[in-house]
1. Probe of 1.4 angstrom, ligands and nucleic acids ignored: what's the accessible area per residue over the stretch 1-90, in square angstrom?
2. What are the DSSP H helices in the chain that stretch 20 Å or more along their long axis, judged by alpha-carbon atoms, and whose average Kyte-Doolittle hydropathy comes to at least 0.0?
3. Once the piece of chain linking Thr73 and Leu101 is laid out straight, how much longer is it, given 0.36 nm per residue of separation minus the C-alpha distance between them?
4. Can you tell me the FRET efficiency between Arg31 and Arg88 if r is taken as the Cβ-Cβ distance and R0 is 30 Å, rounded to the nearest 0.05?
5. Considering only protein heavy atoms and a probe of 1.4 Å, how much of the accessible area of the chain is carbon and sulfur, as a whole percent?
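The values are calculated or read from the model by the stated rules, or taken from the named source; none is laboratory data. The structure displayed is predicted, hence computed values, not measured ones. Counting neighbours? That spans all protein chains shown, and the Cβs are built from the backbone with ideal geometry, glycine included. Quick note on the areas: whole protein, heavy atoms, side chains included, nothing else; ligands and nucleic acids left out. Shrake-Rupley method; radii C 1.70, N 1.55, O 1.52, S 1.80 Å.
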Amino acid sequence: GKWGRALTLREPAQRAALQQRRGEQETDAWRERYRRRAGIEATVCQIVHRTHARRSRSRTAAATHLSHCLAATAVNLIRIDAWQQGHRPERTRTTHLCRLLARPSK
């Protein structure tokens, strides 16, 4: 940026709360809760990318709700078709670098 980096100095109470929350992220209970949220976020991402549902094409709430329901149904049908074709969802995403490192060198 134009002005370089910024340093944020927090008050001791804010810093302690932030450190406590960061420490909670290392527990199994937090990871279990986040795993559920990550699945929901992945579903929302798939709906947005597959059906272009970022913006509503309708003005009324009822029509928008209907378009959301149709988008969710479409993604469910896509997932069912993929499952029947033998394309099982991956447990986690593999980065391009990890795929390159996993290849045997010639």
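1. Result: 95 Å² of accessible area for each residue.
2. 61-84
3. Length gained, Thr73 through Leu101: 6.3 nm.
4. The pair Arg31/Arg88 has a calculated efficiency of 0.85.
5. Percent of accessible area from carbon and sulfur atoms in the chain: 55.
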